[in-house]
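A quick write-up on the structure given underneath.
Read the figures in this text as sums done on the coordinates, not as results from a lab. Please read these numbers as outputs of a predicted model, since none were measured by experiment. Ideal geometry is used to build each Cβ from the backbone, glycine not excepted, and the neighbour counts take in all protein chains shown.
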Amino acid sequence: MKIAMIGTGYVGLVSGVCFSDFGHEVICVDKDPAKLAKLNAGDVPIYEPGLDDLMAKNVAAGRLTFSGNLAEAVAGADAVFIAVGTPTRRGDGHADLTYVMAAATEIAQALTDYAVVVTKSTVPVGTNARVAETIRAANPDVDFDVASNPEFLREGAAIDDFMRPDRIVVGVESDRAAEVMQAIYRPLYLRDFPVMTTDLESAEMIKYAANAFLATKITFINEIANLCERTGADVKMVSKGMGMDGRIGNKFLHAGPGYGGSCFPKDTSALARIGQEYGVPMQLTETVIKVNEETKRRMVDKVFDLCGGSVNGKTVAVLGVTFKPNTDDMRDAPSLTIVPALVGKGAKVRVVDPQGAREGEALLPGVTWVEDVYEAAKGADAVVILTEWNEFRALDLGRVAADMATPVMADLRNIYNPDDARAAGFTAYVSIGRKD
Ligand code: UGA
């Protein structure tokens with residue numbers, strides 16, 4: 001199969017690289033010359049474990065190329081994937097479809113023979129139908145079908161998620177399009193990964209519903225954690241006990257500082273807007289958005305309390321600022337609420353993050369970036385664990401505490417045990433939803 005992948009963001013680049021690894025001929029298209037120069041030099045513009053090797057392998061095999069020329073990539077392609085951004089539109093919280101529709105128009109003008117135009121970007125219900133209309137209007141003679149193929153990969157585990165998916169969702173309107181999609185995903189069909197073929201609207205809705213449900217699950221456990229703190233229950237035990245019920249499942253029940261990232265905040269907001277538009281308010285999702293904001297703000301209070309009510313003039317070492325480990329992505333990270341609040345109240349913040357500095361330097365003004373946790377903790381008045389990078393999980397807590405001016409810790413990811421922290425010399429240790 002010949003595939004054109006429009007957009008080399010997270011989803012586009014990972015999908016393009018993985019499709020080429022299936023043996024397809026893939027051209028990834030992007031408008032940004034600086035990004036293309038990087039990709040053509042073999043550099044991966046994002047941090048995603050394993051992506052650089054897989055990209056190099058398929059470039060060397062001649063199956064994967066990068067281009068700024070959309071028309072050339074689209075001409076002769078069996079499938080053209082739209083994987084451009086759908087950011088939250090300023091002002092109203094809707095998904096901004098400008099890039100999707102602009103891509104559709106350009107694709108329409110470049111199509112030569114029959115092709116399936118597949119939307120991989122997360123888009124509101126009805127968008128694929130609009131893409132089809134846009135293509136027809138821009139080029140009435142062209143032979144094409146549209147398909148909706150939402151992506152469910154997680155950052156930090158993207159390749160494994162793509163290659164071993166829980167399911168593949170394909171929304172199509174014709175057998176011909178279904179056959180092309182089947183040929184593209186054949187390596188996964190053959191290995192019995194479930195493929196669900198559906199109509200366009202259901203495929204679009206599945207993506208929003210899945211992300212909103214996961215955001216709800218996290219928010220639910222965060223709210224329970226808050227109640228655990230007041231009642232003396234332990235949220236880790238509560239999650240475990242709940243998760244053993246197969247109907248609930250044990251995943252996405254880790255209490256923390258609130259969800260962030262490029263997807264849950266954007267997609268919950270878009271779903272809420274879609275509901276309002278159709279006169280069917282998504283009340284649960286709207287509440288989840290509100291509770292998640294409150295959860296992030298509650299973390300700030302936790303740190304203030306830990307520091308005796310004020311952080312003014314105090315040195316706070318923050319471990320981890322990316323929205324989750326194994327990524328350099330800072331989009332909507334809880335750190336963007338918590339760190340500025342500390343800086344604003346006069347704290348001297350030292351930040352350690354294995355990948356966070358690239359984006360974080362511009363987003364977190366007034367902090368000092370430090371390479372090493374022990375150096376960051378030296379003379380500090382508090383340590384705050386914000387992102388559970390593996391390298392933060394096995395610290396010599398005794399050494400950290402001994403070097404601090406005031407050995408207190410806020411472990412906002414529950415990666416240590418209160419007893420161990422105390423035994424290591426921490427005079428105060430607060431976490432999420434547990435007796436401290
Ligand atoms: C999420 C979904 O998990 C993917 O299935 C989906 O494809 C993706 O959005 C998307 O729509 O593109 P991602 O944002 O990469 O993936 O990261 P997650 O692992 O889902 O984490 C999201 C946030 O929830 C992070 O801030 C994480 O710390 C938080 N989280 C996750 C918790 O606080 N507790 C948990 O138990 C799980």
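In terms of other Cβ atoms within 10 Å, E133, E229, E286 run from fewest to most in the order E133, E286, E229.
Within the shell of other residues whose beta carbon sits under 12 angstrom from the beta carbon of D143, the net charge comes to -1, with Lys and Arg scored +1 and Asp and Glu -1. Going from the residue with the fewest nearby Cβ atoms within 10 Å to the one with the most, I82, I248 rank I248, I82. Rounded to the nearest angstrom and listed largest first, the equivalent-ellipsoid semi-axes of region 199-436 from its Cα gyration tensor are 32, 21, 15. With both labels modelled 7 Å from their Cα along Cα-to-Cβ, the S310 to D113 distance reads 7.5 nm. When the chain is treated as a Gaussian network with alpha carbon springs shorter than 10 Å, the biggest mean-square fluctuation among D403, D245, D411 belongs to D245. Largest first and in whole Å, the equivalent-ellipsoid semi-axes of the chain read 43, 24, 19, each the square root of five times a Cα gyration tensor eigenvalue. Counting other Cβ atoms within 10 Å as a rough exposure proxy, the listed residues S239, S67, S121, S148 run S67, S239, S121, S148 from fewest neighbours to most. Top mean-square fluctuation among A380, A362, A158, Gaussian network model of the chain, C-alpha springs under 10 Å? Greatest mean-square fluctuation among the candidates belongs to A362. If you count Lys pairs in region 2-198 whose Cα atoms are under 22 Å apart, skipping same-chain pairs closer than 8 places in sequence, the total is 7. With the cut-off at under 11 Å, measuring from each backbone N in region 111-146 to a point 7 Å along the Cα-to-Cβ line of R176 picks out 113-116, 142-146.
Which of T98, T322, T216 moves the most in a Gaussian network model of the chain with Cα springs under 10 Å? Maximum fluctuation in the GNM of the chain, among the listed residues, is at T98. By definition, a body whose alpha carbon gyration tensor gives a ≥ b ≥ c is oblate when a/c is 1.5 or more and a/b is not larger than b/c, and region 316-406 fits this oblate description.
Among complete DSSP H helices in the chain, those whose alpha-carbon atoms stretch at least 15 Å along the helix's long axis and whose mean Kyte-Doolittle hydropathy reaches 0.0 are 10-21, 98-110, 200-231. The label-point distance for N390 and A102, in a model that sets each label 7 Å from Cα toward Cβ, rounds to 3.9 nm. A straight Cα-to-Cα reach below 18 Å connects K290 with the aspartates and glutamates D92, E223, D267, D301, D332, residues fewer than 8 places away in its own chain not being considered.
Stretched out fully, how many nm does the piece from A405 to A34 gain, at 0.36 nm a residue minus the Cα gap?
On the way: separation 371, 0.36 × 371 = 133.56 nm, distance 4.52 nm.
Extending this stretch completely gives an extra 129.0 nm.
Taking 7 Å steps out from each Cα toward its Cβ at L190 and T231 produces label points 5.3 nm apart.
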